[in-house]
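J.: One structure, pasted below without further comment.
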Amino acid sequence: MPRTARQCLLDALDDLEEDQFSRFKSDLREVAIKPGFRKIPWGKLEKAKTLDVAKLMVDSYRDAYSGELAVQILREMGKQDTSDNLEQELRSVLQPVAQESSRAAAPAGHPIDQHFTRIVQGFNSVDGVLDTLLAAGVLTPEHYDSIRTKAPKQEKIRELLTVIRGQGQGAKDQLWKAMVETDRYFTSSLTGE
């Protein structure tokens, strides 16, 4: 079974002594986060063990960005060997995923169609996109209300994608633009741009 980003993070965190791990959590709380992401609440970090922190990071920041943050924090802590090892391991784990994604995506076709499954599984900022599309007149108030009531968020995004795909190319363009503006990091991870 191939290694995951979470396993790589866990190995790096397990390499830290107890006081270093405490500092890592504190630094994670203080580090500047890219737009489109939220800091992990201190209440979840404070008593978390290494496994919990690795899971929280991947769940909150996705594979690539969680690794980028961990490498940055480890370097700032002076843990150069640990950060270098983590960076190398993440490269070997994430690069094949990116290559597979680019092979799977045909050059022709809309990103909404090419990455439908990955969008359903991983796009977290559905509500912001819904608001943008309602304001632009792409969604009717009825569609907006219907989609907002769905749970979990995968059901929201699945219904949104289905509605938008039924409206044609212009609606897909508007949706994609709203997704890029809301979470550029996620959309870049899909397209490699």
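J.: Using a Gaussian network for the chain with springs between C-alpha atoms less than 10 Å apart, which of these wobbles most: A54, A70, A151?
T.: In the Gaussian network model the winner is A151.
J.: Next question, about the same structure. Among T132, T117, T182, which one moves the most in a GNM of the chain with springs linking Cα atoms closer than 10 Å?
T.: Top of the fluctuation ranking is T117.
J.: May I ask you to give the percent of accessible area on region 1-157 that is carbon plus sulfur, with a probe radius of 1.4 Å? Can you show the working numbers first?
T.: On the way: 4410 of 8990 Å².
Using a 1.4 Å probe with all protein chains present, region 1-157 comes out at 49 percent carbon and sulfur.
J.: Another one. Per-residue ellipticity at 222 nm for the chain, helices alone: DSSP H runs ≥ 4 residues times -39500 (n - 2.57), over residue total, nearest 500 deg cm²/dmol? List each step's numbers first, then the result.
T.: On the way: 12 runs with 143 residues, N = 193.
Taken over the chain, the calculation gives -23000 deg cm²/dmol.
J.: Can you tell me the dipole magnitude for the chain around its Cα centre, using point charges on the Cβ only (Lys, Arg +1; Asp, Glu -1), in Debye to the nearest 20?
T.: Values: 27 positive and 30 negative charges, 110 e Å.
Around 520 debye, computed over the chain.
J.: Tell me the angle of helix 126-135 to the major Cα principal axis of the chain, expressed in degrees between 0 and 90 and rounded to the nearest ten.
T.: That works out to roughly 30 degrees.
J.: Between [x] 76, 46, 41; [y] 55, 37, 27; [z] 60, 41, 32, which entry matches Cα extents along the principal axes in Å as derived from the coordinates of this structure?
T.: Matching entry in [x] 76, 46, 41; [y] 55, 37, 27; [z] 60, 41, 32: [y].
J.: Give me the distance in nm between label points sitting 7 Å out from Cα along the Cα-to-Cβ direction at R184 and M77, one decimal.
T.: Label-label distance for R184 and M77, simple model: 2.9 nm.
J.: Which pairs in the list K153/K177; K25/K153; K25/K79; K44/K150 are over 22 Å apart, alpha-carbon to alpha-carbon?
T.: Going by Cα-Cα distance, K25/K153; K44/K150 fall outside the 22 Å limit.
J.: Taking the chain as a Gaussian network, where each spring joins two C-alpha atoms under 10 Å apart, which residue of E87, E17, E76 fluctuates the most?
T.: E17
J.: Right, here's the next one. How much net charge surrounds E30 when only other residues with a Cβ under 13 Å from its Cβ are counted (Lys, Arg +1; Asp, Glu -1)? Walk me through the numbers before you get to the answer.
T.: Numbers: positive: R23, K25, R29, K39; negative: D27, E76.
Around E30, the charge tally is +2.
J.: Right, here's the next one. With contacts defined as alpha carbon pairs under 8 Å and 6 or more residues apart, what's the relative contact order of the chain in percent? Could you put the intermediate results ahead of the total?
T.: On the way: 151 pairs, mean separation 40.9, N = 193.
Reported as a whole number, the value is 21 percent.
J.: A further question follows. Rank S22, L139, P2 by how far each Cα sits towards the positive end of the charge dipole of region 1-154 (+1 on Lys, Arg Cβ; -1 on Asp, Glu Cβ) and give me just the farthest.
T.: So the residue we want is L139.
J.: Related question: Report the one residue of G168, T182, Y61 whose Cα lies farthest in the direction of the positive end of the charge dipole of the chain (charges on C-beta: Lys and Arg +1, Asp and Glu -1; origin at the Cα centre).
T.: G168
J.: Say each of F116 and K47 gets a label point 7 Å from the Cα, pointing the same way as Cα to Cβ; how far apart are those two points in nm?
T.: So the label points at F116 and K47 sit 4.5 nm apart.
J.: Enumerate the aspartates and glutamates that K34 could reach by cross-link, defined here as Cα to Cα under 18 Å, with residues fewer than 8 away along the same chain left out.
T.: D59, D63, E68, E76, E181, D183, E193
The values are calculated or read from the model by the stated rules, or taken from the named source; none is laboratory data. Since the model is a prediction, treat every value here as computed from it, not as a measurement. As a convention, Cβ positions derive from the backbone with ideal geometry for all residues, glycine included, and neighbour counts pool all protein chains shown. Surface accessibility is based on the protein's heavy atoms, side chains included, excluding ligands, DNA and RNA. Shrake-Rupley method; radii C 1.70, N 1.55, O 1.52, S 1.80 Å.
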